[in-house]
Amino acid sequence: MSKLNLLFFGPPGAGKGTIAKEVSKKYGIPHISTGDMLRAEVASGSELGNKVKEILEKGQLVSDEIMLEVIKNRLQQKDVEKGFILDGFPRTLPQAEGLEKLLEEIKNPITASLYFEVDVETVVKRITNRRICPKCGKIYNLITLKPKVDNICDECGTQLIQRDDDKEDVVRDRYKVYMEKTYPVIQFYMKNNNFFTIDGSGTVEIVTKKVFNILEGIV
Ligand code: AP5
């Protein structure tokens, strides 16, 4: 299999994390979610975590400088040998420029960009009903992807939680930030080869199938 370096784009709640986990499992490449990495920092109480906690709660973006440093370190780890899925990065034009420069330096270009298109009302409905497992990271939904036992993770038995930034007013603010700062990044990548727009409004099974079909065509 050739190397699979993927960028996942789409508004909050588009299903990037959910689909990335399926792709990661099938292709054996790490799912690198900058949101997950930042939440882990907050939970650890580290200096970086304390710095970014309030930014995350408000749905604003962490500085480009910090994010580029985080990604630079992450892409130097050994597990990206077969490829990677970047979910939530790049989110601004300076991040995109920084990433392109970094990948050029390490001679490891992007294979494909996948953009999950979902409308804002679907986003709000999905996110306000999202629950996550704080231990293994599995993502649930109280309407579409319920756990077998109420509020308990099917995989590891841990009590599910709601993310601090998953309240309706914060979700709407995150969507505004996405349209203002991240949509221009998507337009930048749209001009490249291997850019795919996917209707993300179907069920998880339908969207996963579409993604697997696309990836089978390029590996
Ligand atoms: P981040 O964690 O990246 O959040 P996001 O981009 O807003 O995306 P989400 O995780 O909310 O959504 P998703 O698309 O992964 O959806 P999911 O699969 O969970 O970032 C959080 C914060 O960190 C940012 O606001 C910012 O502060 C900071 N940050 C992160 N990266 C940064 C960067 N590069 N620069 C600066 N700051 C950064 O699905 C959502 C729900 O829908 C779930 O309940 C799921 O079960 C359900 N669902 C999924 N797919 C379907 C489907 N097809 N049908 C029905 N239900 C579905």
(request) Would you check if Ile161 is surrounded by fewer than 17 Cβ atoms within 10 Å (Cβ to Cβ), within 14 Å of the ligand (Cβ to nearest atom), within 22 Å of Gly35 (Cα to Cα) and aliphatic (A, V, I, L, M)? (result) yes
(request) Return yes when Cys156 is within 19 Å of the chain's Cα centre (by Cα), away from the ligand (no atom under 13 Å from the Cβ), exposed (fewer than 13 other Cβ atoms within 10 Å of the Cβ) and of a type in the set (A, V, I, L, M, F, W, C) and no when it is not. (result) no
(request) Return yes when Lys16 is farther than 25 Å from Ile206 by Cα, charged (D, E, K, R) and at pLDDT 95 or above and no when it is not. (result) no
(message) Here is a list: Ile66, Ile127, Ile71, Ile110. Which entry is closer than 12 Å to Asn5 by Cα and at pLDDT 95 or above?
(response) Ile110
(request) Would you mind finding the one in Ile139, Ile214 that is in contact with a strand residue (DSSP E or B) (Cβ under 9 Å, 6 or more places away or on another chain) and farther than 22 Å from Arg91 by Cα? (result) Ile214
(message) Being under 16 Å from Gly17 (Cα atoms), β-branched (Val, Ile, Thr) and not in a helix (DSSP H, G or I) is true for just one of Ile110, Ile198. Which residue is that?
(response) Ile198
(message) I'm checking my understanding of the structure. Among residues of region 67-92 that are surrounded by fewer than 17 Cβ atoms within 10 Å (Cβ to Cβ) and part of a helix (DSSP H, G or I), which one is farthest from the ligand (Cβ to nearest atom)?
(response) Lys78
(request) Could you tell me which residue of region 29-66 is farthest from Lys181 (Cα to Cα), considering only residues that are among the hydroxyl-bearing types (Ser, Thr, Tyr) and surrounded by 19 or more Cβ atoms within 10 Å (Cβ to Cβ)? (result) Ser33
(request) Would you mind telling me which numbered condition in (1) surrounded by 15 or more Cβ atoms within 10 Å (Cβ to Cβ); (2) in contact (Cβ under 8 Å) with a residue 40 or more places away in the chain; (3) within 9 Å of the ligand (Cβ to nearest atom) Thr144 fails? (result) (1)
(request) With the checklist (1) under 22 Å from Ile19 (Cβ atoms); (2) assigned to a loop (DSSP other than H, G, I, E, B); (3) free of Cβ contacts under 8 Å to residues at least 60 places away in the same chain in hand, flag the one item Asp150 doesn't pass. (result) (1)
(request) Pull up region 82-123, narrow it to residues that are of a type in the set (Asp, Glu) and free of Cβ contacts under 8 Å to residues at least 60 places away in the same chain, then point me to the one that is farthest from Phe195 (Cα to Cα). (result) Glu121
(request) Only residues that are surrounded by fewer than 16 Cβ atoms within 10 Å (Cβ to Cβ) and within 26 Å of Glu81 (Cβ to Cβ): list them for region 109-119, please. (result) Pro109
(request) Please verify whether region 11-18 includes one or more residues that are near the ligand (Cβ under 9 Å from one of its atoms), surrounded by fewer than 17 Cβ atoms within 10 Å (Cβ to Cβ), basic (Lys, Arg) and part of a helix (DSSP H, G or I). (result) no
(message) For region 94-110, check the following and say yes or no: at least one residue is near the ligand (Cβ under 10 Å from one of its atoms) and among the β-branched types (Val, Ile, Thr).
(response) no
(message) So, in region 37-63, how many residues would count as being near the ligand (Cβ under 8 Å from one of its atoms) and of a type in the set (S, T, N, Q)?
(response) 2
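The values are calculated or read from the model by the stated rules, or taken from the named source; none is laboratory data. Quick caveat: nothing in here was measured; it's all calculated off a predicted structure. Ideal geometry is used to build each Cβ from the backbone, glycine not excepted, and the neighbour counts take in all protein chains shown.
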